[in-house]
Amino acid sequence: MFRHASREELTQLRRSFNKWGIFEFMGAQQLMIKEDRTINKKEVVITTKTSKHILNLQISQPKYAGLAVGELRNKKFLPSLSGAEVIARHSRDFSYVVVNEKAEGLVLYGRDILGDSVLEASKKLGQNKMVIILNQNRESIGIGKTRFSAEDIFKKDEVTVYTLFDAGVYLRNQD
Amino acid sequence: MKTLTFTPTQRSLHLAAKYGYDEWIINRFLHFVPNAEKMMETMREPVRRYIRTNTLKITSQELVARLVSKGFELTKTVLADVFEISPTDAQISIGATTEYLLGHYYIQDITSCIAVEVLDIRPNQTVLDMASAPGGKTTFIAQRMDNTGSIIALEPNPRRLRSLLFNIARCGVMNTLIYQMDAIQCPNLNISYDRILLDAPCSGEGVMWKDTSRRTRRVPGIISECSLVQKKLFDAALQVLKPGGLILYSTCSFAPEENEYVVNSILKKFDVEVEPISFGIEGLTSFDKTVFDERLRRTVRFYPHTHNSTGFYIAKLRKKN
């Protein structure tokens with residue numbers, strides 16, 4: 001069901017939004033939580049004032065509302081592909097790698113990233129950290145996990161970022 | 001109402017054999033399609049393909065530059081953000097580019113775009129999309145509303161619902177509320193709408209150009225069955241449309257039973273006015289022995305040979321105050 005975020009959840013979300021550099025942008029959005037207690041999942045969605053108003057009046061819940069930008073898990077916000085896009089567009093301070101055109105194509109097939117393909121990376125990258133994968137237009141094409149910390153992210157002939165999610169899913173799952 | 005069929009003639013038999021259609025389909029076309037043989041001829045050519053820029057994410061100027069640099073050839077159309085894609089030697093399919101995956105455009109027939117365009121959708125309105133999946137028109141509506149207001153999108157089929165969700169996420173749409181329900185039940189939601197899009201389930205005659213199987217494997221009964229459902233959906237829609245609000249009825253069918261007959265029955269039953277549309281050619285005012293309301297002239301038809309599009313029908317009605 002869709003509901004408003006509790007005070008505690010809002011605090012957790014704001015802390016994470018701050019970390020991703022989208023505190024201000026998200027503060028201006030209409031957020032709601034889609035909670036599925038059977039699988040203990042809390043999805044974070046951006047919706048509109050009008051939709052929120054309708055949701056407040058409705059007895060029957062919609063199947064989906066707004067844009068799912070991530071999950072609230074273990075008190076942290078984990079961005080979805082749509083969330084990664086929001087971060088890439090609106091944040092100036094987030095963990096990222098920029099990959100070359102060849103790697104862009106491979107990432108969109110779900111392949112991991114070789115250090116040779118990384119053109120640029122944010123400075124404070126840690127090992128085993130979530131990063132937004134950007135193409136050369138600085139558009140989010142996926143979400144990855146670093147295998148090394150910043151200094152080794154360009155390591156030749158080695159996978160340095162695992163691809164967790166990629167925008168190619170829209171094609172692979174198309175009917 | 002029974003689907004009207006006609007006694008085979010030498011011409012209908014000849015054209016059916018020549019172009020590979022069932023005779024009853026051709027015979028019907030000969031009774032209402034202007035220059036029907038030219039239409040058959042056009043439907044032998046490669047299907048025209050169009051894309052619509054998703055201005056929620058990119059400008060048309062930027063998108064065109066990016067696709068041209070990848071080897072695609074784009075031509076302007078009657079709509080500012082819709083382009084025809086010409087066959088080229090681009091290395092990648094138009095449905096598999098990074099720009100497509102990132103939701104910068106939607107592959108969609110121009111008639112579907114026109115349907116949304118003429119509905120005069122504005123930001124902050126409440127809009128009902130009665131048959132939403134796979135989301136081509138829904139995402140265009142969101143674009144017209146600049147991701148504000150609310151789109152109530154209905155889709156009963158779980159499989160089609162999934163493709164709708166993918167397209168909504170891909171295109172970055174924030175203003176939808178998606179209900180898995182049959183559109184006929186829309187009054188149960190107790191919401192009134194400024195605009196309603198009823199792109200009705202239909203026999204799909206108009207997509208024969210793309211889907212050649214529809215030229216033969218069909219029976220006339222499907223048209224009358226669809227017509228019945230379409231009237232019920234229209235009825236339900238008018239119950240939830242605000243006075244002064246607009247409803248756009250469309251089908252991708254040539255059949256008068258699914259188009260003018262349906263709107264004609266609505267005009268008899270509800271206090272609505274037919275609004276003019278500045279695209280297409282005027283709707284039929286008669287079919288065989290049936291004469292329709294004169295106002296049906298303001299509804300419009302699109303044919304492959306006149307508009308380089310799928311066959312389409314649009315009626316725009318305003319509910320009186």
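Laboratory data are not the source of any read-out in this text; all were calculated from the coordinates shown. Model, not experiment: these values are computed from the prediction. Using ideal geometry, Cβ is built from the backbone for each residue, glycine included, and neighbour counts are taken over all protein chains shown.
Peptide A:167-173: average number of partner chain Cβ atoms within 10 Å per residue? Present the calculation step by step, with values, prior to reporting the outcome.
Values: counts 7, 3, 4, 10, 8, 1, 4.
Across A:167-173, the average partner-chain Cβ count within 10 Å equals 5.
If the protein assembly as shown were replaced by its equivalent ellipsoid, with semi-axes equal to the square roots of 5 times the Cα gyration tensor eigenvalues, what would those be, largest first, whole Å?
Working: eigenvalues 406, 156, 58 Å².
Ellipsoid half-lengths, sorted descending, are 45, 28, 17 Å.
How high is the relative contact order of segment A:62-175, in percent, with contacts defined as C-alpha pairs under 8 Å that are six or more residues apart? Don't skip to the end; give the middle numbers.
Details: 238 pairs, mean separation 29.4, N = 114.
Reported relative contact order: 26 percent.
Using a 7 Å offset from Cα along Cα-Cβ at A:ASN74, what residues in segment A:128-155 end up with backbone N under 12 Å from the label point?
Backbone N within reach: A:129-130.
Which percent, to the nearest 5, of DSSP beta bridges fully inside the protein assembly as shown are antiparallel? Write out the running numbers ahead of the final one.
On the way: 62 of 82 bridges.
Antiparallel bridges make up about 75 percent of those DSSP assigns within the protein assembly as shown.
Among B:ILE196, B:ILE178, B:ILE223, which one shows the biggest mean-square fluctuation in a GNM of chain B, springs joining Cα atoms closer than 10 Å?
Checking each option, the largest mean-square fluctuation is seen for B:ILE178.
About its Cα centre, how strong a charge dipole does segment B:86-204 have in debye, to the nearest 20, once Lys and Arg get +1 and Asp and Glu get -1 at the Cβ? If you can, show how the numbers build up before the last one.
Details: 8 positive and 11 negative charges, 57 e Å.
Dipole magnitude for segment B:86-204 comes out near 280 debye.
Between A:GLU120 and residues 5 or more places away or on another chain, which pairs have amide H atoms under 5 Å apart, with H built 1.01 Å from N, and which residues are they?
Answer set, sorted by chain and number: A:VAL98.
Within segment B:154-249, which trypsin sites (Lys or Arg not before Pro) sit in a loop by DSSP and count at most 15 neighbouring Cβ atoms inside 10 Å?
Numbers: sites: B:ARG159, B:ARG160, B:ARG162, B:ARG170, B:ARG195, B:LYS210, B:ARG214, B:ARG215, B:ARG217, B:ARG218, B:LYS231, B:LYS232; in loops: B:LYS210, B:ARG217, B:ARG218.
Sites meeting the loop and neighbour criteria: B:ARG217.
Order B:140-146, A:20-26, B:258-264, A:146-152 from most to least packed using the mean count of other Cβ atoms within 10 Å. Don't skip to the end; give the middle numbers.
Values: B:140-146: 23.0, A:20-26: 18.1, B:258-264: 26.0, A:146-152: 16.0.
Per-residue mean Cβ counts within 10 Å order the peptides as B:258-264, B:140-146, A:20-26, A:146-152.
Largest first and in whole Å, what are the equivalent-ellipsoid semi-axes of segment B:1-132 based on the Cα gyration tensor, each being the root of 5 times an eigenvalue? Walk me through the intermediate numbers first.
Details: eigenvalues 270, 96, 26 Å².
Values for segment B:1-132, descending: 37, 22, 12 Å.
Rounded to the nearest 5, what % of DSSP beta bridges with both residues in segment B:112-319 are antiparallel?
Values: 17 of 34 bridges.
Bridges in segment B:112-319 are about 50 percent antiparallel.
Can you pull the mean other chain C-beta count within 10 Å for peptide B:162-171?
Values: counts 3, 4, 2, 4, 6, 2, 5, 11, 8, 3.
Counting other chains' Cβ atoms within 10 Å and averaging over B:162-171 gives 5.
Calculated FRET efficiency, B:LYS320 and B:LEU79, Cβ-Cβ r, R0 41 Å, to nearest 0.05?
Details: r = 29 Å, r/R0 = 0.71.
Taking R0 as 41 Å, the efficiency between B:LYS320 and B:LEU79 is 0.90.
When chain A is treated as a GNM, springs tying every alpha-carbon pair under 10 Å, which of A:ALA88, A:ALA28, A:ALA121 comes out with the largest mean-square fluctuation?
Looking only at A:ALA88, A:ALA28, A:ALA121, the largest GNM fluctuation is found for A:ALA28.
Quickly rank B:306-317, B:78-89 as a protection proxy: mean count of other C-beta atoms within 10 Å, highest first. Walk me through the numbers on the way to the answer.
Details: B:306-317: 24.1, B:78-89: 15.2.
Top of the packing list down: B:306-317, B:78-89.
Within 10 Å of each Cβ of A:46-55, how many other protein chain Cβ atoms are there on average?
Details: counts 4, 6, 12, 5, 11, 10, 2, 2, 7, 2.
Mean partner-chain Cβ count within 10 Å for A:46-55: 6.
In percent, how large is the relative contact order of chain B, given Cα pairs closer than 8 Å and 6 or more residues apart? List each step's numbers first, then the result.
Values: 628 pairs, mean separation 52.6, N = 321.
Relative contact order here is 16 percent.
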